[in-house]
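Contents: one structure, followed by commentary.
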Amino acid sequence: MTTRQAIDKLMQQCEDAVRFGQEQLVEGQRQEHYNDTEFTKAQMGLENAYKELEEFAHSANAQQREQLYRMRLQVQQLQNQLITTYH
């Protein structure tokens, strides 16, 4: 079973990745292709967060799995927005 502390730490990391991704989405829409490095870092951060969420879900209890699932949906939605943004 995954500890509450580990879940909280992961959720914070994911929230940071989502926040950075949202910032880069806005910047990407403003600057188009002039912000490639940071835009790519945001995509990589979200992908890493998604993978960690999947890994944690295997050893989590039902309540934790639900929390991880909701965060995974949020990460995935932002990933899709970054991919479909003309950049």
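Brief remarks follow.
- Considering region 62-87, and only residues there that are modelled with pLDDT under 95 and of a type in the set (Val, Ile, Thr), the residue that is nearest to the chain's Cα centre (by Cα) turns out to be Ile83.
- Those residues of region 61-78 which are touching a residue at least 40 places away in the same chain (Cβ under 8 Å) and either closer than 26 Å to Glu23 by Cα or touching a helix residue (DSSP H, G or I) at 6+ places or on another chain (Cβ under 6 Å) (or both), in sequence order: Gln64, Gln67, Leu68, Met71, Gln74, Val75, Leu78
- Scanning region 45-87 for residues that are basic (Lys, Arg) and over 14 Å from Thr3 (Cα atoms) yields Lys51, Arg70, Arg72.
- Reported count of residues in region 7-33, each being exposed (fewer than 14 other Cβ atoms within 10 Å of the Cβ), closer than 17 Å to Arg70 by Cα and in contact with a helix residue (DSSP H, G or I) (Cβ under 9 Å, 6 or more places away or on another chain), is 1.
The values are calculated or read from the model by the stated rules, or taken from the named source; none is laboratory data. Because the structure is a prediction, the values reported are computed rather than measured. When we count neighbours, we look across all protein chains shown, and the Cβ atoms used for this are built from the backbone with ideal geometry, even at glycine.
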